[in-house]
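Structure first, commentary second.
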Amino acid sequence: FVGAFLLAELLQQTQADIYCLVCAANFTTGKQRLEENLKAYLLWEASFHSRIIPVLGDLSQPLLGLSEGQFHLIAEKINSIYHNGALVNHVYPYALLKAANIRGTEEVLRLASQIKIKPVHFISTTSVFDSNEYFKLEVVQENDPLEHSQGLPGGYAQSKWVAEKIVMMARDRGLPCSIYRLGRVTWHSQTGVWNPNDLFYRFIKGCIQLKSAPEMNSMVEITPVDYLAKV
């Protein structure tokens, strides 16, 4: 969902060709998957076709599922990396998310440091601050050290915490890395299009279907996906 809007925004704001890692049997199927995803969110433009280049691979595999030759070629061609790829599941334990979310990040950093240095824009989550120690604080600043992981709820937040620490290590060693922590990403502010598999989406849909809602009073922060992608 976020990846589709990020891709569309990069295509609209730049003249660059965008290489997209995608799981597919062949080049044609990979391109079709990317195109269909953009169409599903009302983002597709015919001019995008020639500028989207599928890279057939797997985030959870060594070298991103590419051969050494392919990995070397991509490292030579690209100039910047937006790492938005992750296995997002709020039920899976850490062990099931480690390959895609942590080892995948390691391979992205390897790609960024080969042949020529490429800046990495790493998409993370505000959930990395959901540990017990941070809840004791009134305010957590964006640049506060990411020190506490005890009590982090769920494997997804845990895996992104570890991935962030690895990105920070790479940054300390001289690789230009930026970290963007997403909160609750919701519908497009103009079209209303949203990810139907999102937990909050399903919560609202369930309330409508049941014609009932839980008795609760809590603040919910939301970020429209189009605003997020522009940022």
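The values are calculated or read from the model by the stated rules, or taken from the named source; none is laboratory data. Every value quoted in this text rests on a predicted model; they were computed, and no experiment measured them. Quick reminder, even Gly has a Cβ in these numbers, built from the backbone with ideal geometry, and neighbours come from all protein chains shown. Note: areas computed on protein heavy atoms with side chains; ligands, DNA, RNA excluded. Shrake-Rupley method; radii C 1.70, N 1.55, O 1.52, S 1.80 Å.
Of N143, N197, N89, which has the largest mean-square fluctuation in a 10 Å C-alpha GNM of the chain? Greatest mean-square fluctuation among the candidates belongs to N143. Give me the distance between the Cα centres of the stretch 39-78 and the stretch 161-226, rounded to whole Å. Between the Cα centre of the stretch 39-78 and that of the stretch 161-226, the gap is 24 Å.
Could you compute the FRET efficiency for K136 and S80, with r as their C-beta to C-beta distance and R0 at 45 Å, rounded to 0.05? Efficiency at R0 = 45 Å is approximately 0.75.
Is it possible to state the helix-based mean residue ellipticity at 222 nm for the chain, with each DSSP H run of 4+ residues giving -39500 (n - 2.57), the sum divided by total residues, to the nearest 500 deg cm²/dmol? What is it?
Details: 9 runs with 91 residues, N = 231.
Theoretical 222 nm ellipticity from helices: -11500 deg cm²/dmol.
List the relative contact order of the chain as a percent without decimals, with contacts defined as Cα pairs under 8 Å and 6+ residues apart.
On the way: 314 pairs, mean separation 44.4, N = 231.
About 19 percent, as a whole number.
Using label points projected 7 Å from each Cα along Cα→Cβ, tell me how many nm separate A24 and Q114, to one decimal. Using points 7 Å along Cα→Cβ, the separation is 2.2 nm.
Residues in the stretch 136-149 carry Karplus couplings, in order, of 6, 8, 6, 9, 10, 7, 4, 9, 5, x, 8, 9, 9, 10 Hz; the curve used is 6.51 cos²θ - 1.76 cosθ + 1.60 with θ = phi - 60°, and Gly or Pro positions show x.
What number, in percent, do you get for the relative contact order of the stretch 119-231 if the mean sequence gap of Cα pairs under 8 Å and at least 6 apart is divided by its residue count? Write out the running numbers ahead of the final one.
Numbers: 109 pairs, mean separation 33.9, N = 113.
Reported relative contact order: 30 percent.
Close amide H contacts of R181 (hydrogens built in the peptide plane, cut-off under 5 Å, sequence separation of 5 or more or a different chain): S124.
Rolling a 1.4 angstrom probe over the protein heavy atoms, how many square angstrom per residue are accessible across the stretch 60-125? Please list the in-between numbers first.
Working: 3390 Å² over 66 residues.
Ligands and nucleic acids excluded, the result is 51 Å² per residue.
Largest GNM mean-square fluctuation across P214, P196, P145, computed for the chain with C-alpha springs under 10 Å, falls on P214.
Counted over all Cα-Cα pairs of the stretch 1-109, pairs farther apart than 20 Å make up 43 percent. Phi angles of the stretch 165-179 translate, via the Karplus equation with coefficients 6.51, -1.76, 1.60 and θ = phi - 60°, into HN-Hα couplings of 4, 5, 4, 5, 4, 5, 5, 5, 8, x, 7, x, 10, 10, 10 Hz per residue; Gly and Pro are given as x.
Of the GluC sites (Glu not before Pro) found in the stretch 131-196, those that fall in a DSSP loop while having at most 10 other beta-carbon atoms within 10 Å are E138, E142, E147. Given in Å, the Rg to one decimal and the Dmax to the nearest whole number for the Cα atoms of the chain are 18.6, 58. Using the Karplus relation 6.51 cos²θ - 1.76 cosθ + 1.60 with θ = phi - 60°, the per-residue 3J(HN,Hα) values for the stretch 43-58 come to 10, 5, 10, 4, 5, 6, 3, 7, 9, 9, 10, x, 10, 6, x, 8 Hz, with x marking Gly and Pro.
Quick one: among V220, V162, V88, which has the greatest mean-square fluctuation in a GNM of the chain with alpha-carbon springs under 10 angstrom? Ranking V220, V162, V88 by mean-square fluctuation puts V220 first.
If you take all other residues with their beta carbon under 12 Å from the beta carbon of I179, and give Lys and Arg +1 and Asp and Glu -1, the sum is +2.
Looking at the stretch 100-197, the trypsin sites (Lys or Arg not before Pro) that sit in a DSSP loop and have at most 14 other Cβ atoms within 10 Å of their own Cβ are K116, K136, R173, R184.
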